[in-house]
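Asker: Take a look at this one; I'll ask things after.
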Amino acid sequence: MMELAFVLCATFTAFAAEPTAQHRSAGQSERVVVTAKGAFRQLTEETEGNTVFQPLQGTGSLWTRDDNGLGWIGSAVSIGNHGSEVFGEHNLNNQRAELFSAFDANPPNAIWSDLAALGSSGHHVASAESASLDVALHTFQAGTSNASCVLSKYTATSGGTPDWTYTFAAGLEGANVAVSRDGSRIVAAASDHTNSSARIAVFGPDSNVPLSQTTIALGGANNGVRGFDLSADGSTLYFSSFDTPVNAYIFNVAAHSVVFTTPINASFDSHAISGNGSIFAFGNFGTLSLYEKIGGVYTRTYTRSVPGTVYCGAIDLSDDGSTAAFGWASYTTALTVQIEALDVPSKTITMTDMVTSTSPGLQNVVSSIACSAKGERFAVGLWGDATGPVAEARVYARNQNAPIVSLDVGGSVYGVAISADGFRAAFSSKSMHANQLGHGGAIDLLGVHTPFTSMCSGNGSLATSCPCGNSGLAGRGCENSASTGGGLLTASGAVAPDSVVLTASNVTGSEFSVVLQGRTVDLSGAVFGDGVRCVSGTLKRLYARNAINGTLVAPISGEPSISARSAALGDPIANGEHRTYQVYYRDPATGFCGSSAGGGTFNITNAVRVNW
């Protein structure tokens with residue numbers, strides 16, 4: 001069989017002991033091997049002499065929880081309880097589960113720690129968005145007939161002792177775990193490699209007695225579960241098999257049965273499902289496939305193809321199904337990754353970022369991606385370039401090519417989570433590059449709560465629709481006659497002192513454009529020309545001029561700042577107040593929307609609210 005191989009090495013050494021009982025690994029080497037079957041992570045525990053194949057697994061830094069000399073590696077992380085709690089389980093040495101407050105000082109103190117995972121591997125965690133509920137899954141004696149897979153459920157008041165635990169049948173190994181948005185459903189999967197099957201167990205939050213337990217034959221030899229994602233409403237589980245035959249499965253949680261399956265033909269870690277289970281996606285060599293439920297049947301509606309020797313390494317879908325974020329990695333040079341976002345309704349790529357390492361021999365791959373609930377932002381973890389210039393922890397806006405916040409962790413990111421509102425992102429990492437000898441790690445929490453909030457999207461999400469069915473892309477205004485996807489308004493800079501700059505792009509050519517400021521917001525919107533206006537209350541026309549090649553920037557050199565201009569027009573802005581902005585622009589195609597308000601002679605961007 002054709003071999004398309006790239007390799008990585010990471011050996012972890014022993015460290016100074018902590019005073020309590022502990023598991024210590026004398027060393028561990030790690031290699032990623034890409035073959036025609038997919039991308040696989042090869043682990044070698046030197047203490048056991050065996051080899052196990054596993055799948056690849058305010059703005060700025062808020063806090064960092066490092067291993068403090070205990071030698072653990074941050075392997076799995078989640079954010080829950082309305083973005084207020086960060087939960088993680090650590091790997092390799094002194095394994096443990098820990099819960100933190102997202103609002104703690106730096107460095108944070110754990111709300112509690114649980115050492116029950118000591119000596120385990122294969123760590124997976126998940127948290128409910130609207131409740132304090134966290135779950136962890138890990139395996140003892142993985143790769144042996146005595147393997148023991150344990151699921152633990154916690155809350156903020158657990159005090160380091162699980163509210164309950166559940167142990168799968170002997171010989172099964174933990175594949176992954178997830179929890180619904182409201183915490184009412186916990187779904188865990190274990191792999192039975194001996195019988196090439198998956199065991200899916202469903203729980204309520206209050207009992208370790210499964211509501212259902214289903215065995216699904218996967219075919220082939222030594223097969224198990226790899227891809228895994230639960231819809232936010234808890235109704236639908238997506239999972240994939242690990243080895244030949246590699247298939248994607250859609251599992252109805254209430255009926256505890258598979259309702260759809262399709263071949264993937266290669267094994268990767270790129271799998272995702274939307275919040276209501278109506279959309280799912282998976283990656284492959286050079287392609288991403290997206291399926292949508294149409295007339296009750298899952299149908300492939302989109303294929304993203306990228307040329308060259310690349311594979312799709314990670315995917316996530318926003319809960320509302322509007323956005324897919326994904327990353328591509330090279331399996332030859334392994335230096336450049338390509339990060340993209342897709343507007344799902346229009347099937348349009350909304351951003352692309354190419355990140356290239358200058359450290360040959362250290363593989364730069366996309367390890368994990370997580371989307372906010374509405375897809376406005378997404379977090380990306382990279383293996384990066386150790387102490388080089390590449391930032392391994394990144395948060396993007398779906399309409400901007402450059403990250404809005406990033407952090408160089410000095411090692412490699414393994415796990416990524418983002419709060420539902422997109423204001424906080426957590427990254428679990430190893431303190432050295434994944435290819436390098438060493439141990440130690442951290443969990444980093446980044447704040448991405450900028451003073452700018454995008455709203456009033458003309459993509460059909462408002463109570464008021466675009467006037468002639470001319471919906472734009474997510475995050476933009478209504479479509480215009482130039483078919484740009486709608487005018488996009490973004491903001492950058494600081495509010496104190498005021499250096500805020502508004503940029504309206506994708507408007508029509510070099511047409512006359514006006515920056516409009518409002519004291520209040522009409523969240524339903526009102527038809528305005530060929531678009532929908534949400535700024536309301538006291539309105540001020542701050543700047544007016546022709547766009548240049550479809551873009552208007554304000555203020556420009558020589559013009560007063562936004563706050564100064566507003567004060568000059570009789571609307572001074574006090575500290576802590578909000579103002580909202582839209583740019584309306586002339587559209588020369590007078591018949592584009594026919595008899596819409598304004599006679600189809602102008603259109604308007606999305607809105608941006610600024611917290612001054």
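The values are calculated or read from the model by the stated rules, or taken from the named source; none is laboratory data. Given the structure is predicted, the values throughout are model-derived calculations rather than measurements. FYI the Cβ positions are ideal-geometry reconstructions off the backbone, even for glycines, and counts take in every protein chain you see. Quick note on the areas: whole protein, heavy atoms, side chains included, nothing else; ligands and nucleic acids left out. Shrake-Rupley method; radii C 1.70, N 1.55, O 1.52, S 1.80 Å.
Asker: Distance between the C-alpha centers of region 500-518 and region 260-299? Whole Å please.
Answerer: Each part reduced to its Cα centre gives a spacing of 38 Å.
Asker: With +1 on each Lys and Arg Cβ and -1 on each Asp and Glu Cβ, how big is the dipole of region 335-462 about its Cα centre, in debye rounded to the nearest 20?
Answerer: Dipole size: approximately 200 debye.
Asker: Name the lysines eligible as straight-distance cross-link partners of Lys430: C-alpha to C-alpha under 28 Å, and not fewer than 8 places from it in the same chain.
Answerer: Lys37, Lys153
Asker: Turning to a different aspect of this structure: Can you tell me the FRET efficiency between Lys347 and Thr601 if r is taken as the Cβ-Cβ distance and R0 is 25 Å, rounded to the nearest 0.05?
Answerer: Using R0 = 25 Å, I get an efficiency of 0.25.
Asker: Counting only protein heavy atoms and using a 1.4 Å probe, what share of the accessible area of region 497-612 belongs to carbon plus sulfur, as a whole percent?
Answerer: Exposed carbon and sulfur together represent 53 percent of the surface.
Asker: To continue, here is another question. Rounded to the nearest 500, what is the 222 nm mean residue ellipticity of the chain from helices alone, with -39500 (n - 2.57) per DSSP H run of 4+ residues and division by all residues?
Answerer: That calculation yields -500 deg cm²/dmol at 222 nm.
Asker: Apply 1/(1 + (r/R0)^6) to the Cβ-Cβ distance of Thr165 and Arg541, taking R0 = 51 Å, and write down the FRET efficiency to the nearest 0.05.
Answerer: Between Thr165 and Arg541 the formula returns 0.20.
Asker: Would you report the distance distribution of C-alpha pairs in region 361-428 as whole percents per 5 angstrom bin, up to the bin with the largest distance?
Answerer: So the P(r) values, bin by bin, are 4, 21, 29, 24, 14, 6, 2, 0.
Asker: Restricting things to Cα coordinates, could you compute the convex hull volume per residue of region 154-302 in Å³?
Answerer: 112
Asker: Hand me the trypsin sites (Lys or Arg not before Pro) from region 321-406 located in a DSSP loop with no more than 14 other Cβ atoms within 10 Å, in residue order please.
Answerer: Listed in order of number, the matching sites are Lys347.
Asker: Between Asp67 and residues 5 or more places away or on another chain, which pairs have amide H atoms under 5 Å apart, with H built 1.01 Å from N, and which residues are they?
Answerer: Those qualifying (amide H under 5 Å, at least 5 residues apart or on another chain) are Gly441.
Asker: Another one. If I model a spin label as a point 7 Å beyond the Cα along the Cα-Cβ vector, how far apart are those points for Thr299 and Trp112 in nm?
Answerer: Computed distance between label sites Thr299 and Trp112 equals 5.0 nm.
Asker: Relative to the Cα centre, what is the charge dipole magnitude of the chain, using +1 at the beta carbon of each Lys and Arg, -1 at the beta carbon of each Asp and Glu, and rounding to the nearest 20 debye?
Answerer: Here the chain has a charge dipole of around 1240 debye.
Asker: Scaled to the compact-protein estimate 2.2 N^0.38 Å, what is the alpha-carbon radius of gyration of region 122-172, rounded to two decimal places?
Answerer: 1.26
Asker: For q values of 0.10, 0.12, 0.17 Å⁻¹, compute log₁₀ I(q)/I(0) with the Debye formula on a Cα-only model of region 429-545, without solvent.
Answerer: -0.44, -0.56, -0.89
Asker: Report in % the part of the accessible area of region 415-455 that belongs to carbon and sulfur, leaving out ligands and nucleic acids; probe 1.4 Å.
Answerer: 62
Asker: State to the nearest 20 debye the size of the charge dipole of region 178-315 about its Cα centre, where the only charges are +1 on K and R beta carbons and -1 on D and E beta carbons.
Answerer: 220
Asker: Follow-up. Mind sorting out which of (i) 3, 17, 26, 25, 16, 9, 3, 0; (ii) 3, 12, 15, 13, 12, 12, 11, 10, 8, 3, 1, 0; (iii) 3, 14, 24, 25, 19, 9, 3, 2, 1, 0, 0 is the real P(r) over Cα pairs in 10 Å bins from 0, in percent computed from the coordinates?
Answerer: (i)
Asker: In nanometres, what is the gap between the two model label sites at Asp104 and Ala463, each 7 Å from Cα along Cα-to-Cβ?
Answerer: Modelled inter-label distance: 4.2 nm.
Asker: Check the straight Cα-Cα distances from Lys374 and name the aspartates and glutamates below 15 Å, setting aside those fewer than 8 residues away within the same chain.
Answerer: Cα-Cα hits under 15 Å: Glu129, Asp233, Asp316, Asp319, Asp320, Asp343, Asp421.
Asker: Choose one of Thr299, Thr358, Ser419: the residue whose Cα lies farthest towards the positive end of the charge dipole of the chain (beta-carbon charges +1 Lys, Arg; -1 Asp, Glu; about the Cα centre).
Answerer: After comparing all options, I get Thr299.
Asker: Given R₀ = 60 Å, what would the calculated FRET efficiency be for Leu523 paired with Leu437, taking r from the Cβ atoms and rounding to 0.05?
Answerer: The value I calculate is 0.65.
Asker: Further, regarding this structure: Over region 405-511, what relative contact order in percent results from Cα pairs under 8 Å that are six or more residues apart?
Answerer: Normalised by residue count, the contact order of region 405-511 is 15 percent.
Asker: Charges on Cβ only, +1 for Lys and Arg, -1 for Asp and Glu, centred on the Cα centroid of region 234-372; of Ile339, Leu290, Gly234, which one is farthest towards the dipole's positive end?
Answerer: It is Leu290.
Asker: I've got another one for you. Rolling a 1.4 Å sphere over the protein heavy atoms, what is the accessible area per residue of the chain, to the nearest Å²?
Answerer: 35
Asker: At 0.36 nm per residue, and after removing the present C-alpha to C-alpha distance, how many nm does the segment from Thr356 to Leu569 gain when stretched out fully?
Answerer: Length difference between fully extended and current span is 72.0 nm.
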